[in-house]
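Each remark here refers to the structure printed beneath this line.
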Amino acid sequence: MSHPKLEQAVQKVDEFLAAYPTLCQYDRLRELEKKTGQPKAYLFFAIVSLLTTIVMSIGGSKLFSDILAFVYPAYMSFKAIDSSDATDDTQWLTYWVVFASFSITESVMTFVVSWIPFYYIIKSAFFMWLYHPKFMGAGLVYKQIIKPFVMPHLQSFEHSKPQKKEE
């Protein structure tokens, strides 16, 4: 007999899997559950653990953090393109501006990355904070850091553009 807290956790994972049947391959997990006699939640954790191990062995923490920073935001951006709501468009455009700024800064400052302990764990947590719907950190980073730095340069660029000659 298993622990009640474990049963409760398995139930919550099963509800999550059922809520996203296509993404989590719910039907295949159900078939595996019937064949093996193991709960879908255990199988799901085993598959996620295996995929994480493969990704970590191929590309290490950098690849893992890059995938984490890209896959979910890309998925949500595709959904935002097809939605009629403009707020999600703004949210994801802001995220991609922050993502690009961070990526460029990271590539220029590669030597600093090696000095920071647990850099890729911190980077992963940072990107999850940027795109998590509860925090919407990308908007804050854009308004507080990127916009004050970039906008004065964009405005001066706009004013210095050559004007079209009228014929």
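Laboratory data are not the source of any read-out in this text; all were calculated from the coordinates shown. None of these values were measured; they are calculated from a predicted model. Quick reminder, even Gly has a Cβ in these numbers, built from the backbone with ideal geometry, and neighbours come from all protein chains shown.
What pairs from K34/K79; K62/K147; K12/K147; K5/K62 go past 30 Å between their alpha carbons?
On the way: K34/K79 34 Å; K62/K147 27 Å; K12/K147 41 Å; K5/K62 34 Å.
Violating the 30 Å Cα-Cα cut-off are K34/K79; K12/K147; K5/K62.
Between helix 26-36 and the chain there is an angle of about 30 degrees, using the helix long axis and the longest principal axis of the Cα atoms. Just name one of F111, V97, I122: the one whose Cα is farthest towards the positive end of the charge dipole of the stretch 91-167 (beta-carbon charges, Lys/Arg +1, Asp/Glu -1). Positive-most Cα among the choices belongs to I122. Over all Cα atoms in the chain, the spread is summed up by Rg and Dmax: 21.9, 88 Å. For the chain, the longest principal axis of the Cα atoms and the long axis of helix 86-108 meet at an angle of about 80 degrees.
Rounded to the nearest 10 degrees, the inclination of helix 4-19 to the longest alpha-carbon principal axis of the chain is 60 degrees.
Using the rule -39500 (n - 2.57) for each DSSP H run of four or more residues, divided by the residues of the chain, the 222 nm mean residue ellipticity is -25500 deg cm²/dmol.
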